[in-house]
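The values are calculated or read from the model by the stated rules, or taken from the named source; none is laboratory data. Nothing here was measured: the structure is a model prediction, and the numbers come from that model. Every residue, glycine as well, gets a Cβ built from its backbone with ideal geometry; the counts of neighbours run over all protein chains shown. Keep in mind that these areas ignore ligands, DNA and RNA; they rest on the heavy atoms of the full protein, side chains included. Shrake-Rupley method; radii C 1.70, N 1.55, O 1.52, S 1.80 Å.
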Amino acid sequence: MNDELLTVYSKAGCVQCTATLRALDAAGIAYRVVDLAGDPVALEHVKESGFLQAPVVEGAGDPWSGFRPDRIDELVKSRAA
């Protein structure tokens, strides 16, 4: 796995989004946040990708949605290797 910058599609007031961003920060993983409420193109992209809940994290192999500490742990391990 390379150190590709992650994209986190998020929305305000989303508890799982906040937890994901905090976990990424704690792990020292760089990311950029795209606000789904302010970006209709991003929202359409997420929907077309089949996701129905935020956050959606892309750029780490298979994208995922929701708070997934297991996936964040996998990122940490793969980037340390």
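Quick notes on this one:
- Accessible surface of the chain, 1.4 Å probe: 53 percent of it comes from carbon and sulfur atoms.
- Sequence of 10, 49, 78 from largest to smallest accessible area, 1.4 Å probe: 49, 78, 10
- Rounded to the nearest 10 degrees, the inclination of helix 15-27 to the longest alpha-carbon principal axis of the chain is 30 degrees.
- The distance between label points at residue 70 and residue 41 comes to 3.5 nm (points 7 Å beyond Cα on the Cα→Cβ vector).
- Placed amide H near residue 64: partners under 5 Å, 5+ positions off or other chain: 57
- Take the chain with all the other protein chains still there, run a 1.4 Å probe, and you get 60 Å² of accessible area per residue.
- Alpha-carbon Debye profile of the chain, log10 I(q)/I(0) at 0.13, 0.19, 0.23 Å⁻¹: -0.36, -0.76, -1.09
- Based on DSSP H segments of at least four residues, each scored -39500 (n - 2.57), the chain has a per-residue ellipticity at 222 nm of -13000 deg cm²/dmol.
- Residues in segment 4-13 carry Karplus couplings, in order, of 4, 5, 7, 10, 10, 7, 9, 8, 5, x Hz; the curve used is 6.51 cos²θ - 1.76 cosθ + 1.60 with θ = phi - 60°, and Gly or Pro positions show x.
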